[in-house]
Amino acid sequence: MTKSRIYLSSPHMGGLEQQFVKEAFDTNWVSSLGANMDNFEADLQKYTGAGHITLLGSGTAAIHLSLIMLGVKAGDVVICQSFTFAATANPITYQGATPVFVDSEPGTWNMDPMALEQAISACMKGQVTGKPVKPKAIIPVHLYGMPAKMEEILRIANQYALPVVEDAAEALGSSINGKRCGTFGKLGILSFNGNKIITTSGGGALLSDEKALVDRAHFLATQARDNAPHYQHTNIGYNYRMSNVVAGIGRGQLMVLDKHMGIRRRNYERYREYFASIASRGYTVEFQGEGLEGYFSNRWLTAIIIDPSKNKGVTREDLRLALDAENIESRPLWKPMHLQPVFSQAPYFGSGLSEKLFNDGLCLPSGSNMTEEDWTRIIAVLDKVFV
Ligand SMILES: *Cc1c(COP(=O)(O)O)cnc(C)c1O
């Protein structure tokens, strides 16, 4: 008998999603306008505390629009966290600009403020592109829900008068001293892709305290139609808006976000308790962002580091393969962008931490819909690997 697959993170519906979707059908608002769009936007705004929000087709589209609005174009430079998913960096390339990748720091595993400052300074001195350039934007990421060191990143950004686009795709619900991720930068983005903490099947949002920017994003996302009875365009537009049908899923999902976040945070605690309980066996597994005061992670995914030199030679691949043999999904941490073949020519600043995190790191099953039976199967594998 094959055991059912335990996923890293799978969609977890709350129950009311279908009712909101049905309302869209019942009222025939199945396109881009309607009550689900208005309400999901308002609910999200209330939840995050963002000044203004517009709903989009994806988080990637939100990053792309952010860069367009900041005037990023061919020949420009944008500073981006290296340790992330490719969707953070790809829109820089859509605009013909050059990404400059910045390494992570050990506390949060996110953008290292010191390496950021080195990168900016090198750009300004002409050491990156051959002539002095001022970067057009900085993109930090809150990986796996862990907030980046926003206070220091913003201090540096403000010192050089550079706008921050905050990639909070994985961090809905996370906060620093009570302020939600996605609301720190000039612009912030969220994702509602299938494996994120809440999903609309696919979707995203752009957040800002500046109304003009969010209005502009909405305009560009809906084909940039001028105010005229006929179709008139003075700008290049995009078809990047969310639909009222999937916004209904988002409304239902947002209602259970805090509950599901509580379960994911509990998952993280359970893994920690497990590894604390086997410390006497001589293993030392490290967790992301332990003991940072004021930093609240939604713990979208529990991520660990298995340094073989501290774990009797056990590697993260040993654990990944052992889990896979029991039909349990786990995944290496993001491969840094500066090590990706597609970005091999891009400049990079840092000490190599993200490469080490990639080599030794693993994301463990972290869904809010995991059962006690799932846990029993996972712990059985852990006990086999960490004997
Ligand atoms: C998922 C994700 C994105 C992209 O979001 P989509 O909605 O899938 O386009 C961007 N950045 C990070 C860090 C992500 O995890």
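Using the heavy atoms of the protein chains and a 1.4 angstrom probe, tell me the accessible area per residue for the range 23-95 in square angstrom. Don't jump to the answer; show the numbers that get you there.
Details: 2770 Å² over 73 residues.
Solvent-accessible surface per residue comes out at 38 Å².
With the dipole of the range 291-382 worked out from charges on the C-beta (+1 for Lys and Arg, -1 for Asp and Glu) around the Cα centre, which of 292, 319, 382 lies farthest toward the positive end?
The listed residue farthest towards the positive side: 292.
If you average 1/r across every pair of different Cα atoms in the chain and take the reciprocal, what Kirkwood value do you get, in Å? Please report the intermediate quantities before stating the final value.
Numbers: mean 1/r = 0.0461 Å⁻¹.
Hydrodynamic radius (Kirkwood, Cα only) of the chain equals 21.7 Å.
Can you give the longest stretch of the chain with no exposed loop site, where a site means GluC sites (Glu not before Pro) in a DSSP loop (not H, G, I, E or B) with at most 11 other C-beta atoms within 10 Å? Intermediate values should be presented prior to the final figure.
Values: sites that count: 290, 293.
Between the exposed loop sites, the longest stretch runs 1-289.
How would you classify the range 115-189 from its alpha-carbon gyration tensor, with a ≥ b ≥ c the square roots of the eigenvalues: rounded for a/c under 1.5, else prolate if a/b is greater than b/c, otherwise oblate? Walk me through the numbers before you get to the answer.
Working: a/c = 2.63, a/b = 2.37, b/c = 1.11.
Verdict is prolate for the range 115-189.
Charges only on Cβ, +1 for Lys and Arg, -1 for Asp and Glu: so what's the dipole of the chain about the Cα centre, in debye to the nearest 20?
340 debye
Quick one: pull the percent of accessible area on the range 285-364 belonging to carbon and sulfur, 1.4 Å probe, ligands and nucleic acids left out. If you can, show how the numbers build up before the last one.
On the way: 1720 of 3430 Å².
Here it works out to 50 percent.
Given a 1.4 Å probe, how much area per residue of the range 144-229 is accessible, in Å²?
Result: 35 Å² per residue.
Please report the projected area of the range 153-273's Cα convex hull averaged over all directions, in nm². Could the numbers behind the result be given before it?
Working: hull surface 41.6 nm².
For the range 153-273, the mean projected area of the Cα convex hull comes to 10.4 nm².
Apply the Kirkwood formula to the range 43-142: the hydrodynamic radius equals the inverse of the mean of 1/r over all pairs of different alpha-carbon atoms; give it in Å with one decimal. Let's see the in-between values first.
On the way: mean 1/r = 0.0690 Å⁻¹.
One decimal place: 14.5 Å for the Kirkwood radius.
Leaving out ligands, DNA and RNA, and with a 1.4 Å probe, what % of the accessible surface on the range 32-99 is carbon or sulfur? Show your work: numbers first, answer last.
Values: 1140 of 2110 Å².
C and S atoms contribute 54 percent here.
Which lysines have a Cα lying under 23 Å from the Cα of residue 149, excluding residues fewer than 8 positions away in the same chain?
The qualifying lysines are 134, 136, 179, 186, 196, 335, 356.
From the alpha carbon gyration tensor of the range 62-212, can you work out the equivalent ellipsoid semi-axes (sqrt of 5 times each eigenvalue) and give them in Å, largest to smallest?
24, 17, 14
The values are calculated or read from the model by the stated rules, or taken from the named source; none is laboratory data. None of these values were measured; they are calculated from a predicted model. A quick note on method: Cβ atoms are made from the backbone with ideal geometry, for glycine too, and the neighbour counts reach across all protein chains shown. Please note that ligands, DNA and RNA were not included when accessible areas were found on the heavy atoms of the full protein model with its side chains. Shrake-Rupley method; radii C 1.70, N 1.55, O 1.52, S 1.80 Å.
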